[in-house]
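Asks: I'd like to ask some things about the structure below.
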Amino acid sequence: MTPEEEAIKERNAARLTERLDADPPPADCPVPMLPVAQLYLRDIPLLQPPGQADLLQVLWCPYDHDPHHKPATALFWRSAAEVVDILATPPEPYEVNDDGYLPEPCVLAPEAITEYPNSLDLSPQMLLMVQDWSRWQAAGADVDSSEHADCPRDFYDVHLADAPGWKVGGWPPWGRTDPNPRYCTVCDVQMVPLLTIASYEWDGGEGRSWAPHEEQAAAYAANTTGHCCGQDPSQPTKVEVGSTDNMQIYVCPASPGHPHTDLIQ
C-alpha cells in the first residue's frame with residue numbers, strides 16, 4: 001500500500017471512530033439532505049430552467065426510501081445571484097444507508113457529446129439496419145470485424161448508444177428494464193430525462209472508449225496498475241446507486257413545477 005493510500009485509510013478510520021464514539025442522535029432528529037449536483041446554466045445551456053433561474057441544485061436523502069429502496073431526491077431551481085448565505089460547512093448526516101450515498105466533492109468539466117438511442121429504443125426498421133454488418137462495411141466504419149461482425153448491435157450499444165456517466169439530458173441507459181416511459185402525475189405529459197446520476201463514468205471493458213480524451217491513459221492503466229491512492233478514475237464522485245447502476249431523474253417538459261420522478265437503470 002502506498003503512503004497516500006495509507007493516509008487515506010487512516011483518515012477514514014479516524015472519521016469512523018469519531019462517528020462511533022459520538023452519542024446517537026435522538027429518534028426524531030431530522031436528517032439533512034446531501035448535495036449531489038450543482039449545475040449552472042452558463043456551463044450547461046441544455047438545462048432549460050424556469051423563469052429567471054440559472055442554477056440547479058440536486059439533493060438527496062442518504063437513506064433508502066420505499067417502494068424502490070433508493071435515495072429520495074429534491075430539485076431546487078435558483079438564481080445564482082440570489083445565493084448569498086453559503087454554509088462554510090454543510091451539515092452531515094449521522095450515518096448513511098450506504099457509503100455510495102455520500103458523494104465525494106468534485107469540480108465538473110462539462111462537455112457536449114453526441115450519443116444515440118439504446119438499441120431497445122430503436123424502431124424495428126432501424127434495429128435491422130444496425131444489425132446489418134454489410135451496412136457498417138459500406139459506411140467504412142472502423143470496427144473490428146473479428147469481434148463485431150457477428151453482432152454489430154453490441155458495438156453500437158457499447159460505443160455509440162446512451163453514453164455512460166453523469167449527464168444532463170441524453171438517452172436513457174436501459175438495461176434493468178425494457179424502455180419504460182415516465183408520465184407526469186399532474187398533466188400526463190411524457191417526462192424527459194434531466195440528469196443521470198451514474199455509479200461509473202465508464203465500465204472497465206470496451207466502454208472505456210467513452211472516457212474523456214485527457215483521461216484515456218488513466219482509464220486503460222486502471223485495469224493493469226490499479227487505482228491511484230484508492231481513487232478509481234471512472235468513479236470520481238464515489239457515488240453508487242442500486243447495484244452500481246444509474247439513477248435518472250425525469251422532469252415534466254410542460255412545467256418544471258410539476259413533481260419530478262426518477263428511475264434506477
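Where a number appears in this text, it was derived from the coordinates with a stated rule and is not lab data. As the structure is a computational prediction, the values presented were derived from the model and not from experiment. Cβ atoms come from the backbone with ideal geometry, glycine included; neighbour counts cover every protein chain shown.
Asks: Please rank 199, 119, 79, 243, fewest neighbouring Cβ atoms within 10 Å first, as an exposure proxy.
Replies: By the 10 Å Cβ count, ascending, the order reads 243, 79, 119, 199.
Asks: Continuing with the same structure: Enumerate the calculated ³J(HN,Hα) couplings along region 162-177 in order (Karplus 6.51 cos²θ - 1.76 cosθ + 1.60, θ = phi - 60°), each rounded to whole Hz, writing x wherever the residue is Gly or Pro.
Replies: Using θ = phi - 60°, the values come out as 5, 3, x, x, 5, 7, 9, x, x, 8, x, x, 4, x, 5, 9 Hz.
Asks: Hand me the chymotrypsin sites (Phe, Trp or Tyr not before Pro) from region 44-124 located in a DSSP loop with no more than 14 other Cβ atoms within 10 Å, in residue order please.
Replies: Those satisfying the criteria are 94.
Asks: What order do you get for 247, 129 when you list them from fewest to most C-beta neighbours inside 10 Å?
Replies: Fewest-to-most ranking of 247, 129: 129, 247.
Asks: Using every pair of alpha-carbon atoms in region 60-146, split the distances into 5 Å bins beginning at 0 and state the percent of pairs per bin, rounded to integers.
Replies: P(r) over region 60-146, rounded to whole percents: 2, 8, 10, 12, 12, 11, 10, 8, 11, 8, 6, 2, 0.
Asks: Turning to a different aspect of this structure: Report, in deg cm²/dmol and to the nearest 500, the calculated mean residue ellipticity at 222 nm for the chain, where each DSSP H run with n ≥ 4 adds -39500 (n - 2.57) and the sum is divided by the residue count.
Replies: -6000 deg cm²/dmol
Asks: Taking +1 at the Cβ of each Lys and Arg and -1 at the Cβ of each Asp and Glu, which of 143, 96, 84 sits farthest along the dipole of region 41-145 towards its positive end, judged by Cα position relative to the Cα centre?
Replies: 143
Asks: By its C-alpha gyration tensor, with a ≥ b ≥ c as the square roots of the eigenvalues, how is the chain shaped: rounded for a/c under 1.5, else prolate for a/b larger than b/c, else oblate?
Replies: Taking the square roots of the gyration eigenvalues as a ≥ b ≥ c, the chain is oblate.
Asks: Out of 236, 50, 117, any idea which swings most in a Gaussian network model of the chain, alpha carbons joined below 10 Å?
Replies: Of 236, 50, 117, the Gaussian network model singles out 50 as fluctuating most.
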